[in-house]
Amino acid sequence: MTWILLILAICSEVAATLSLKGSATAPAPYVVVVLGYFASFVFLALVLRRGMGLGVAYGIWGATGVALTAV
């Protein structure tokens, strides 16, 4: 379950980051940005609460998010 929460954190962060470009011209993507980042941090907090180390969780979350955003 911890890994599923981490995957959800990564997916919501990537969705929010990809919506940033559209939020400059329209208000609807801005909602996706705010909700996506909020969900991402909530899921990441749940991952940490379940016992995954901070360095491991943040490293995977950050690196995977950057890689998926770049692709």
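Each reported figure results from applying straightforward, stated rules to the coordinates on display, with no laboratory input. These numbers come from a predicted model, not from an experiment. Ideal geometry is used to build each Cβ from the backbone, glycine not excepted, and the neighbour counts take in all protein chains shown.
Axis of helix 54-70 versus longest Cα principal axis of the chain: the two differ by about 30°, to the nearest ten degrees. Here are some values of Rg/Rh (Cα atoms, Kirkwood Rh): (i) 0.95; (ii) 1.02; (iii) 1.16. Which one was computed from this structure? Derived directly from the coordinates: (ii). Applying 1/(1 + (r/R0)^6) with r as the Cβ-Cβ distance of Val42 and Thr2 and R0 = 22 angstrom yields a FRET efficiency of 0.95.
In nm, what is the difference between 0.36 nm times the number of residues separating Val66 and Tyr30 and their Cα-Cα distance?
11.0 nm
Name the residue, out of Ala16, Ala39, Ala28, whose mean-square fluctuation peaks in a Gaussian network model built on the chain with Cα pairs under 10 Å. Among Ala16, Ala39, Ala28, the largest mean-square fluctuation in the Gaussian network model of the chain belongs to Ala28. In whole percent, what relative contact order does region 2-70 give with Cα contacts below 8 Å and a gap of six or more residues? Computed value for region 2-70: 43 percent relative contact order.
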